[in-house]
Amino acid sequence: QVQLVESGGGLVQSGGSLRLSCAASGRTISAYIMAWFRQDPGKERQFVAAVVRSGDVTYYADSVKGRFTISRDNAKNTMYLQMNSLKPEDTAVYYCAATDYVLSIKNSQYRYWGQGTQVTVSS
């Protein structure tokens, strides 16, 4: 199975940018569809973006479309989330996830999860 570790979170002002990374070990990520989710305290984990195994098809939540870009480098066993034009409502813990099934926006469809990285956007 694969282990996932997120990094790159932090505090940024509204309108700023951050780049999250998700480093995998144990198995190559080329076997998995990869995704990012985020969660506010007391709220359900929400889908942000997903990318297919080859990296050439992506899917985004409406709330981040045009601002966030998901990508992957299978050779480096790493996935990324470039976040631009950040807003205070983007504040959350961001999780990377992997599934060996099909692309889904449902967190229940993802078997493997990282520990999360906090993103805080100040107004």
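Structural remarks
- Residue match in the range 73-80 (condition: within 16 Å of THR120 (Cβ to Cβ) and either among the hydrophobic types (A, V, I, L, M, F, W, C) or exposed (fewer than 15 other Cβ atoms within 10 Å of the Cβ) (or both)): no
- Single residue of the range 86-108 satisfying the filter (surrounded by 14 or more Cβ atoms within 10 Å (Cβ to Cβ) and of a type in the set (Asp, Glu)) that is farthest from the chain's Cα centre (by Cα): ASP100
- Selection from the range 1-17 of residues that are assigned to a strand (DSSP E or B), open to solvent by less than 30 Å² (accessible area, probe 1.4 Å) and under 22 Å from ASN84 (Cβ atoms): GLU6, GLY10, VAL12
- Screening the range 25-35 for residues that are free of Cβ contacts under 8 Å to residues at least 60 places away in the same chain and not basic (Lys, Arg) and picking the one that is surrounded by the most Cβ atoms within 10 Å (Cβ to Cβ) gives SER30.
- First in the range 36-57 and β-branched (Val, Ile, Thr), second anywhere and open to solvent by 80 Å² or more (accessible area, probe 1.4 Å), Cβ under 9 Å, 6 or more apart: VAL51/TYR59; VAL52/TYR59
- Candidates in the range 50-62 are the residues that are among the hydroxyl-bearing types (Ser, Thr, Tyr) and either at pLDDT 95 or above or in contact with a helix residue (DSSP H, G or I) (Cβ under 8 Å, 6 or more places away or on another chain) (or both); of these, the one that is farthest from PHE37 (Cα to Cα) is THR58.
- Complete set of residues in the range 60-69 that are open to solvent by 10 Å² or more (accessible area, probe 1.4 Å) and part of a strand (DSSP E or B): TYR60, THR69
- Every residue from the range 63-112 that is modelled with pLDDT of 95 or more, of a type in the set (Ser, Thr, Tyr), farther than 15 Å from GLN46 by Cα and in contact with a helix residue (DSSP H, G or I) (Cβ under 9 Å, 6 or more places away or on another chain): THR78, THR99
- Test result for MET83, touching a Lys or Arg at 6+ places or on another chain (Cβ under 9 Å), farther than 20 Å from SER122 by Cα and either of a type in the set (S, T, N, Q) or open to solvent by less than 30 Å² (accessible area, probe 1.4 Å) (or both): no
- Residue in the range 38-58 that is polar (S, T, N, Q), closer than 17 Å to GLN118 by Cβ and either touching an Asp or Glu at 6+ places or on another chain (Cβ under 6 Å) or surrounded by fewer than 18 Cβ atoms within 10 Å (Cβ to Cβ) (or both) present: yes
- Check on ARG72, touching a strand residue (DSSP E or B) at 6+ places or on another chain (Cβ under 8 Å), free of Cβ contacts under 8 Å to residues at least 60 places away in the same chain, of a type outside the set (S, T, N, Q) and not in a strand (DSSP E or B): no
The values are calculated or read from the model by the stated rules, or taken from the named source; none is laboratory data. Keep in mind the model is a prediction, meaning the values are calculated, not measured. All Cβ positions, glycine included, derive from the backbone under ideal geometry; neighbour counts span all protein chains shown. Remember, those area values only see protein heavy atoms, side chains included, never the ligands or the DNA or RNA. Shrake-Rupley method; radii C 1.70, N 1.55, O 1.52, S 1.80 Å.
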